[in-house]
Protein chains: 2
Amino acid sequence: MSGQCPFSRRQFLTAGGLGLLAAKVGLGQGMAAAVPAPGALAQAPTVPFRGRHQAGITTPQQGHTYFAAFDLEAPTREDVIRTLKLWTDASERLCAGRTAAPMESDLTKPPTDSGEAIDLSASRLTITFGFGAGLFTKDGKDRYGLAPRRPEALVDLPKFNGDQLIAEKTGGDLSIQACADDPQVAFHAVRQLARLGAGVAQIRWAQTGFASGDADVTPRNLMGFKDGTQRPEEKDRERLVWAGAEGPGWMQEGSYVVVRRIRMALEHWDGTDVDFQQQVIGRAKDTGAPLGGKGEFDPMNLDAADKDGNSIIPDNAHIRLATSSTNDGAQVLRRGYSYNDGVNFISERWPPWRQGIEYDAGLFFVAYQADPRTGFIKIFDKMAKLDALNQFVTHTGSGIFACPPGAGEGQYIGQALFSGAA
Amino acid sequence: MSGQCPFSRRQFLTAGGLGLLAAKVGLGQGMAAAVPAPGALAQAPTVPFRGRHQAGITTPQQGHTYFAAFDLEAPTREDVIRTLKLWTDASERLCAGRTAAPMESDLTKPPTDSGEAIDLSASRLTITFGFGAGLFTKDGKDRYGLAPRRPEALVDLPKFNGDQLIAEKTGGDLSIQACADDPQVAFHAVRQLARLGAGVAQIRWAQTGFASGDADVTPRNLMGFKDGTQRPEEKDRERLVWAGAEGPGWMQEGSYVVVRRIRMALEHWDGTDVDFQQQVIGRAKDTGAPLGGKGEFDPMNLDAADKDGNSIIPDNAHIRLATSSTNDGAQVLRRGYSYNDGVNFISERWPPWRQGIEYDAGLFFVAYQADPRTGFIKIFDKMAKLDALNQFVTHTGSGIFACPPGAGEGQYIGQALFSGAA
């Protein structure tokens, strides 16, 4: 047998040239014959890991995600730093479509990369790191000498109305979100990082997700409604998405992410009338137009009423409560994925004491903002109480993380937190 | 608000014409600018539902699956027949890229289609039905007068060595496997059918899966090894895959499917030496060549030994035990998907009594054959005892189903079972 193990993620690609690259740019199996025009080469399947901001926040959304929250087990601050350095180097390689480390030629050692992405393109992989409250203090202990540096904006999320959070899907001292156009590439990335972090960071929970459709069409969520029509405008992103000088210097150019695992009661939703569904959401199901409007991007007329004086967009409609104009201008950059974890058995504890199967599917909500207190918390505190949609959704998982700025050349992710002035 | 709800799955596509279709043929979000050459139009994103055989068996594998096993709750045989008719009509529409039924214009009724696939292409959707033992007899009862028609080949799977089957991931009276190049399209299909079957068939368990890579490259499984190098040759499919005259007439041109949910202990696997991994599998990790060979498709030399007389492909290597030549020619048509359900907490009950997190990821094994007794059971009974890979895999879910032949024009799926001579 071969005494060498000459892996290189891109070697097949380089060898194959244009035709092979074309076939790899996101085409599914069996579609390889549909070779895109040469212009497709301009659509490089790589997104640089390093930069002013972390990639994966304002990057156009990829088709799949693997999100993992970690508990830190590192005995010392130096262990955390060492791991962040390893992760930075590996992430830069992975996002470039390479293996996590140069492959060993020594077969008597464990592989430096598990190998399942070798034949796949980088698939626009992004890897986004976040720091949870537990990095700063945990169980009252300042394990790594970072307690004074916890940003005020990294609050603990309040308990919201209706929360049914599962401990095994909530929290974490640190987060890694990998996004890619291929689910195997996204999982591969987190798996390599988890292995490199053994003994320092242990996965606490993980969630897969997918986003279907084309970038130029507002996607439909699993309730069948267009979701994401309203997004922060490009010009407002600096203010709404990126942390500025108001917080600690190490977070400047970073962002805060809130994740929520939101189960949708699809089995009940599918039995409700279209009209009712539209009242709940506040949009027409076919066009996505706000009720009373004609086109998806028509402005919401929140003051319009019918002849009896009832609001056309009901007072408890989802879009009315979510929109910036009813939230003092608050907005978040949503970057969510649908999730689908099969089905669960449930036993309801109220009449008619039904037992049965429910889908464990819904939305893995991911929102970035400059400050969660004036972003997600501001908006959702009210929605949790009033939104008509609450009858059909249950928040079962949750997390909040401070995503530091991007790592520049020669830096490791979060370096300013560990080395800069407080 | 609009008094009409003029849905039509393909309306946007028809309206958009060539450019839009091109953008929909499997390209991920953000890649829409990479328009395939006009030849791509020949790659229609639809696979006909009707035919001699059911689609989804020898159809080139799609990128995603949603598999659901159902328990039948139907009081009468007529309920089952009525549901199979509904399912056949809806499946034909869905596979053509349409909604499950013509959309109602009456907004005061529940929608006839949940709508989340409206903007998506058919994505080569296939829907494959299977009948489990419980359709014929359950708890000793012949509920639908079908007991005498149960095929001999539809055996109960034996308990294999090492089985750790979870009841909530095992069995079922009926199966539906949807496969598509888009996960939202696959789930959408099963969800419509589940709703149409309310009161008759209730989902018992479900599993999502994905298959990455190009059709012309053997994919790598989550262990990083090429998996699927050996497949039944085209000329042998009639004999190996499709049921013939040896069984009941209603199953002729059908096939038997065995599904196994196989967890891989990736956290342990990643820590083993490359050399050891190669000995376990029997192939080189980089090229996929059988040990002792050079290229992936080189024949396995099962007799080759080193100077000490040890087999080059070890006696307990996975490929030695799985290959047809050590199984009296037995072969199955594998059509499996990787699955990724996040992570689980485990508590090991032996030294060193480790507690921790393990990936709930691995292989959703799907194998079609003319007769499971001479297919999967023949091969796997031995592998379950001897395969070196067993140290790293655990079978946690299982099912066996008789997939009837395809429905011809005007027929419903499985019609010959209910109407033909015994």
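Nothing in this text is a laboratory measurement; each read-out follows from the coordinates by a stated rule. Every value quoted in this text rests on a predicted model; they were computed, and no experiment measured them. Heads up, the Cβs are rebuilt from the backbone with ideal geometry, glycines too, and the neighbour counts pull from every protein chain shown.
Could you list A:Cys95, A:Cys179 in order of exposure, starting from the residue whose Cβ has the fewest other Cβ atoms within 10 Å?
Sorted ascending by nearby Cβ count, the order is A:Cys95, A:Cys179.
In percent, how large is the relative contact order of chain A, given Cα pairs closer than 8 Å and 6 or more residues apart?
So the answer I get is 23 percent.
List the residues whose amide H sits under 5 Å from the amide H of A:Thr170, counting only those 5 or more places along or on another chain, with H placed 1.01 Å from N in the peptide plane.
Hits under the 5 Å cutoff: A:Ser398.
By how many degrees, between 0 and 90 and to the nearest 10, does the Cα long axis of helix B:77-95 differ from the longest principal axis of chain B?
90 degrees
Please report, to two decimal places, log10 I(q)/I(0) for region B:337-393 at q = 0.23 Å⁻¹ as given by the Debye formula with identical point scatterers on the Cα atoms and no solvent.
Relative scattering, expressed as log10 I(q)/I(0), comes to -1.02.
Taking the Cα centre of chain A as origin, sum charge times position over the Cβ atoms of Lys and Arg (+1) and Asp and Glu (-1), and report the length of that vector in debye to the nearest 20.
So the dipole magnitude of chain A works out to roughly 740 debye.
Could you size up the charge dipole of the protein assembly as shown around its Cα centre, putting +1 on the beta carbon of Lys and Arg and -1 on that of Asp and Glu, and report it in debye to the nearest 20?
20 debye
For the protein assembly as shown, what is the mean residue ellipticity at 222 nm derived from helices alone (per DSSP H run of n ≥ 4: -39500 (n - 2.57); sum divided by total residues; nearest 500 deg cm²/dmol)?
Taking each H run of at least 4 residues, the total per residue is -5500 deg cm²/dmol.
Using θ = phi - 60° and the Karplus curve 6.51 cos²θ - 1.76 cosθ + 1.60, what whole-Hz ³J(HN,Hα) does each residue of region A:100-107 get, with Gly and Pro shown as x?
These are the phi-based 3J(HN,Hα) values: 4, 8, x, 6, 5, 8, 8, 6 Hz.
With respect to the cross-link table entries B:Lys85/B:Lys138; A:Lys285/B:Lys169; A:Lys285/A:Lys382; B:Lys138/B:Lys235; A:Lys169/B:Lys85; A:Lys226/A:Lys382, which display a Cα-Cα separation exceeding 31 Å?
Among B:Lys85/B:Lys138; A:Lys285/B:Lys169; A:Lys285/A:Lys382; B:Lys138/B:Lys235; A:Lys169/B:Lys85; A:Lys226/A:Lys382, the Cα-Cα distance tops 31 Å for A:Lys285/B:Lys169; B:Lys138/B:Lys235; A:Lys169/B:Lys85.
Run down the lysines and flag those whose C-alpha is under 21 Å from the C-alpha of A:Lys378, throwing out any fewer than 8 positions away in its chain.
A:Lys159
Using Cβ contacts closer than 10 Å as the measure, can you line up A:Val258, B:Val155 from fewest to most?
Listing A:Val258, B:Val155 from fewest to most nearby Cβ atoms yields B:Val155, A:Val258.
At a Cα cut-off below 20 Å, give the aspartates and glutamates reachable from A:Lys141, other chains included and same-chain residues fewer than 8 away excluded.
Within reach: A:Asp71, A:Glu73, A:Glu78, A:Asp79, A:Glu152, A:Asp156, A:Asp173.
Please report the net charge: other residues with Cβ closer than 11 Å to the Cβ of B:Gln230, K and R +1, D and E -1.
Summing Lys and Arg as +1 and Asp and Glu as -1 gives +1.
Over all residues in A:342-352, what is the mean tally of Cβ atoms on other chains that come within 10 Å of each residue's Cβ? If you can, show how the numbers build up before the last one.
Working: counts 12, 10, 3, 4, 0, 0, 0, 0, 0, 0, 0.
Mean partner shielding for this stretch: 3.
Between rounded, prolate and oblate, where does region A:156-273 land on the alpha carbon gyration tensor, with a ≥ b ≥ c its root eigenvalues, rounded for a/c under 1.5, else prolate if a/b exceeds b/c?
Here region A:156-273 falls in the rounded category.
What angle, in degrees between 0 and 90 and rounded to the nearest 10, separates the Cα long axis of helix B:376-386 from the longest principal axis of the Cα atoms of chain B?
40 degrees
Could you work out how far the C-alpha centroid of region A:237-271 sits from that of region B:119-189, in angstrom?
Spelled out, the Cα-based centre of one part sits 40 Å from the other.
Quick check for me: using +1 on Lys/Arg Cβ and -1 on Asp/Glu Cβ, what's the dipole size of region B:149-219 about its Cα centre, in debye to the nearest 20?
The dipole magnitude comes to about 440 debye.
Mind checking the angle between helix B:183-196 and chain B's longest principal axis? C-alpha axes, 0 to 90 degrees, to the nearest 10.
With both axes taken from Cα atoms, the answer is about 60 degrees.
Tally Lys/Arg at +1 and Asp/Glu at -1 over every other residue whose Cβ is under 10 Å from the Cβ of B:Cys95; what's the total?
Summing Lys and Arg as +1 and Asp and Glu as -1 gives +3.
Only sites in a loop by DSSP and with at most 14 other Cβ atoms within 10 Å count here; which trypsin sites (Lys or Arg not before Pro) in region B:289-397 make the cut?
Qualifying residues, ordered by number: B:Lys294, B:Lys307, B:Arg349, B:Arg354.
Taking square-rooted eigenvalues a ≥ b ≥ c of the alpha carbon gyration tensor, is region B:266-400 rounded, prolate or oblate, where a/c under 1.5 means rounded and, failing that, a/b exceeding b/c means prolate? Kindly include the intermediate steps, with their values, before the conclusion.
Working: a/c = 1.90, a/b = 1.24, b/c = 1.53.
Oblate, because a/c is 1.5 or more while a/b does not exceed b/c.
In Å, what Rg and Dmax follow from the Cα atoms of chain B?
22.7, 83
Let me check against my output: what whole-number percent is the relative contact order of region A:266-400, with C-alpha pairs under 8 Å and at least 6 apart?
22 percent.
Which semi-axis lengths, in whole Å and largest first, follow from the square roots of five times the eigenvalues of the Cα gyration tensor of the protein assembly as shown?
41, 37, 25
Assume the label is 7 Å from Cα along Cα to beta carbon: what separations in nm does A:Glu246 have to the matching positions in the other copies?
Label-point separations across copies, in nm and ascending: 7.4.
How high is the relative contact order of region A:329-408, given as a whole-number percent (alpha carbon pairs under 8 Å, six or more residues apart)?
This gives 30 percent for region A:329-408.
Which whole number gives the average, over all residues in A:171-183, of C-beta atoms from other chains lying within 10 Å of the residue C-beta?
2
Could you please report the charge total around B:Ala416, scoring K, R as +1 and D, E as -1 over all other residues with beta-carbon less than 11 angstrom from its beta-carbon? Write out the running numbers ahead of the final one.
Numbers: positive: B:Arg149; negative: B:Glu253.
Net charge in that neighbourhood comes out at 0.
HN-Hα J couplings of region A:272-286 from phi, Karplus 6.51/-1.76/1.60, θ = phi - 60°, integer Hz, Gly and Pro as x?
8, 5, 4, 4, 4, 4, 5, 5, 5, 7, x, 10, 6, 6, 6
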